[in-house]
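The values are calculated or read from the model by the stated rules, or taken from the named source; none is laboratory data. Source: prediction; values computed, not measured. Cβ sites come from the backbone with ideal geometry, for glycine too, and all protein chains shown count toward neighbours.
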Amino acid sequence: MAYEAKFVLLGFFSQNQTAGTLQDREQFGDDAFNRFDQHITDAARQAGLVLSDESRSIIAMMATMASGASPKTKAGQAVRAYVEYRGM
Amino acid sequence: MFRDLPYYEPLMAEPRAARVELTLPAFAKQFPHSDKPGNRFAWQITLGRELPIVGVRSEKLDGRVGKGKWGLGLWTPVSFHMIEDFKDESAPIVDTDYRFGTMVKFQYGIKDDLWLGVKFVPWAHESTHLGDEYTIIAQLRDANFKRVNPSFEYHEYGISIEKVFDGDRLHLIARHGGINLWGKDGYYSDHLLGEAKDAHTLTPSEKNYEPSFGFEVRGRQIRSRHPFASVDTRHKLIYAFDRAPGESEQQQWSMKFAAGLAAPEGTRGIPLKAFYLHYYRGVNPYGQLRAQKDFWTVGLGFIFGV
């Protein structure tokens, strides 16, 4: 799975204040997937959630902006924020 | 280009890292040439920053590198430090120092939550300046007082291992580093300002290698901050300006301990990154006052950032 391009653009732009090239964004999306996706699905499973591809894309981009040292922490913060947003 | 990347960030207890740091209120042992005896209120400020120049990395994400990824960057650390004594007449500036140099930092992700860090400073300069009011008081009190000019170029290395347990509930950092001087003239000039360069009034320093060890533990985040305890210890030279040729110099392990609360790594929009209680004991670290051993300071520290 690759994260949805429009959400990757948001994450990339938040970090770089530029759209970059398609190749830049694709690598950014791949790096975010490799770094966070497993932690996102684990945290969602613990919260009893099944996430859509769109939700995972949004949460992963939020994780790139989260504080913390480890990807598990960043992913956990993003999942918690998304759960609160959805009122779950 | 010019991006902040969190590779080998200074420990909270690192003395005079290139960052903005205020120590207030703060107290210190009497300085060697103080007029009024006893411990004193002596605040400090460091203004500095590690200015990022250029970086390369094996991934597009900012922040720490992921497992199997690496990042390398070039920085210019620049900092200015001042300590002021509020006990003697006119509240003299005791010492001001500045440093600048070049620095390469590297980070490798051994695991998702385990990182290797390396720092190498190929060249840096430190210049120290005893305050003019402090110097006047010292000259009045001691006819043999000499105003020395510690100013030196050095290179530095550091290696760091960082491990995070269970999603930042526990974060450990262990470090070793060292400073050594370029050239053979030591930490200070062998003549006083105004003297002929071949006066050789002072005996140059010889034990110019200063190894260091550091350790930091950060606990689980509580609300917006996490508790931490940090220690930095260095085998500092005790300056001996007037020792006889061939006489050995002494060194003293000098330790700074800091414990407080810090914003989690990567927090944006909160300038106050950390506040802590600090205790330092060892060689007086300020300019030519490094001739004083068993010096101490204690105070409340504040670290600011962007």
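I'd like the residue in region B:109-143 that is among the charged types (D, E, K, R) and either in contact with a strand residue (DSSP E or B) (Cβ under 6 Å, 6 or more places away or on another chain) or within 14 Å of chain A (Cβ to nearest Cβ) (or both) and, out of all such residues, is nearest to A:Asn34 (Cα to Cα). Give the steps one after another, and end with the answer.
Residues of region B:109-143 that are among the charged types (D, E, K, R), as a first pass: B:111-113, B:119, B:126, B:132-133, B:141-142.
Then drop every residue that is not either in contact with a strand residue (DSSP E or B) (Cβ under 6 Å, 6 or more places away or on another chain) or within 14 Å of chain A (Cβ to nearest Cβ) (or both), which leaves B:111-113, B:119, B:126.
Values: B:Lys111: 13, B:Asp112: 10, B:Asp113: 14, B:Lys119: 27, B:Glu126: 43 Å.
It comes out as B:Asp112.
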Please identify the pairs in which a residue from region B:233-248 that is farther than 18 Å from B:Tyr188 by Cβ has its Cβ atom under 6 Å from the Cβ atom of a residue that is not in a strand (DSSP E or B), counting only partners at least 6 apart or on another chain. none
Residue, nearest to the other protein chains (Cβ to nearest Cβ), within region B:266-282, restricted to residues that are touching a Phe, Trp or Tyr at 6+ places or on another chain (Cβ under 6 Å) and within 12 Å of B:Ala229 (Cα to Cα): B:Phe275
Can you tell me which residues in region B:191-213 are within 27 Å of the chain's Cα centre (by Cα) and outside any strand (DSSP E or B)? B:His191, B:Leu192, B:Leu193, B:Leu202, B:Thr203, B:Pro204, B:Ser205, B:Glu206, B:Lys207, B:Asn208, B:Tyr209
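Considering only region B:220-232, state which residues are among the hydrophobic types (A, V, I, L, M, F, W, C) and either touching a residue at least 40 places away in the same chain (Cβ under 8 Å) or in contact with a Pro (Cβ under 7 Å, 6 or more places away or on another chain) (or both).
B:Phe228, B:Val231
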Would region B:22-34 turn up any residue that is out of contact with any Cys (no Cβ under 9 Å at 6 or more places or on another chain), modelled with pLDDT under 95 and surrounded by 17 or more Cβ atoms within 10 Å (Cβ to Cβ)? yes
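Could you please let me know if B:Val65 is farther than 30 Å from B:Val148 by Cβ and not in a strand (DSSP E or B)?
Values: farther than 30 Å from B:Val148 by Cβ: yes; not in a strand (DSSP E or B): yes.
Considered against the rule, which asks whether it is farther than 30 Å from B:Val148 by Cβ and not in a strand (DSSP E or B), B:Val65 comes out as yes.
Can you name the residue in region A:20-52 that is within 13 Å of chain B (Cβ to nearest Cβ) and in a loop (DSSP other than H, G, I, E, B) and, of all such residues, is nearest to A:Glu84 (Cα to Cα)?
First pass over region A:20-52, keeping only residues within 13 Å of chain B (Cβ to nearest Cβ): A:20-40, A:42-43, A:46.
Applying the additional criterion that residues be in a loop (DSSP other than H, G, I, E, B) yields A:20-21.
Values: A:Gly20: 31, A:Thr21: 33 Å.
Only one residue fits best here, namely A:Gly20.
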Can we say B:Glu216 is among the charged types (D, E, K, R) and assigned to a loop (DSSP other than H, G, I, E, B)? no
